[in-house]
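Nothing in this text is a laboratory measurement; each read-out follows from the coordinates by a stated rule. Because the structure is a prediction, the values reported are computed rather than measured. We place every Cβ from the backbone using ideal geometry, glycine too, and count neighbours over all the protein chains shown.
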C-alpha cells in the first residue's frame, strides 16, 4: 500500500513485537505529522541501547551497570527471592508494590520442543546464589502455562533443602471474571488456592 521510505518505516515498525500493521501506520504518521516530535531522539536511544544496557551480574535483570537498581537497593529483603522467567516479569511484580525482596531472572522457561533445557536457563546461577546467601524463601513466579508449570515443577524439586521455603504464586480466577468462562485448569487452581475470609 505504501511505497518507498514510508513503506519501509511501516515495515520496520511492524516487525516490533505487539505492533501490528495498523499500529505501525499510526506510529509512522504520528512521526511524520507531529512537528514537535524529533525521531532522532528515538533513533539515538535505539542505536545505543545495546551498548548502554546489559544484564545484571547478580539477578539477570536489565541494568546500566554491573548490578541493577534492585540488587543495589539495601532496603530490599535479602532473605526472600522471587524467581521469574523474564525481566518484564520483574516490572509487572514491581508495579504491584507488594513485594520488597530480591529477584532472579531465569531468561526463559523450560521448553523441550524449542530446545530450551535447564542448561539454557540461569538455573546454575540460581543454585549458586542460594549457596552463598541468607535466602530462606524462594517464590516461583513463572507463567501459568505449560512451560511455566514445567519450570516451576523442575525448580521445586531442585530447591528442596532444609531451611528453605519454596512457594508458588497463586493462580486462579481474575477479578471481574465470570465462572462460566473459566477453563477447567484455572477453576481447579482457584479451588486449590482458596483461603479463608
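When the helix-only estimate is applied to the chain (DSSP H runs of n ≥ 4, each -39,500 (n - 2.57), divided by the residue count), what is the mean residue ellipticity at 222 nm, nearest 500 deg cm²/dmol? Don't jump to the answer; show the numbers that get you there.
Working: 8 runs with 83 residues, N = 197.
Value at 222 nm, helices only: -12500 deg cm²/dmol.
For residue 161, put the label point 7 Å out on the Cα→Cβ axis and report which residues of the stretch 85-114 keep their amide N under 16 Å from it.
Residues passing the 16 Å test: 104.
For the stretch 17-40 and the stretch 72-88, write down the distance between their C-alpha centroids in whole Å.
The two parts, judged by their Cα centres, are 35 Å apart.
If R0 is 41 Å, what FRET efficiency do you get for residue 94 and residue 6 from their C-beta distance, rounded to 0.05?
Taking R0 as 41 Å, the efficiency between residue 94 and residue 6 is 0.60.
Using a Förster distance of 25 angstrom, determine the FRET efficiency expected from the C-beta separation of residue 119 and residue 15, and round it to 0.05. The partial results should precede the final answer.
Details: r = 30 Å, r/R0 = 1.19.
Efficiency, rounded to the nearest 0.05: 0.25.
Between residue 30 and residue 128, what is 0.36 nm times their sequence separation minus the Cα-Cα distance? Round to one decimal in nm.
Values: separation 98, 0.36 × 98 = 35.28 nm, distance 4.82 nm.
Here the segment from residue 30 to residue 128 would lengthen by 30.5 nm.
Could you work out how far helix 39-52 tilts from the main Cα principal axis of the chain, as a 0 to 90 degree angle to the nearest 10?
Helix 39-52 sits at roughly 40 degrees to that axis.
Specify the angular offset, from 0 to 90 degrees and rounded to the nearest 10, of the alpha carbon long axis of helix 146-158 from the longest principal axis of the alpha carbons in the chain.
Helix 146-158 and the main axis of the chain meet at about 40 degrees.
Tell me whether the stretch 74-168 comes out rounded, prolate or oblate; compute the Cα gyration tensor, take square roots of the eigenvalues as a ≥ b ≥ c, and use a/c under 1.5 as the rounded threshold.
On the way: a/c = 1.83, a/b = 1.27, b/c = 1.44.
Note, shape of the stretch 74-168 comes out oblate.
Remind me, relative contact order of the chain in percent, using alpha carbon pairs under 8 angstrom and six or more residues apart? Write out the running numbers ahead of the final one.
Details: 218 pairs, mean separation 24.6, N = 197.
Result for the chain is 12 percent.
Classify the stretch 4-52 as rounded, prolate or oblate from the Cα gyration tensor: take a ≥ b ≥ c as the square roots of its eigenvalues, call it rounded if a/c is under 1.5, otherwise prolate when a/b beats b/c and oblate if not. Mind dumping the intermediate values first?
Working: a/c = 2.00, a/b = 1.24, b/c = 1.62.
Oblate shape, in that a/c is at least 1.5 and b/c is the bigger or equal ratio.
Quick one: angle between helix 4-14 and the longest Cα principal axis of the chain, in degrees between 0 and 90, rounded to 10, please.
10 degrees
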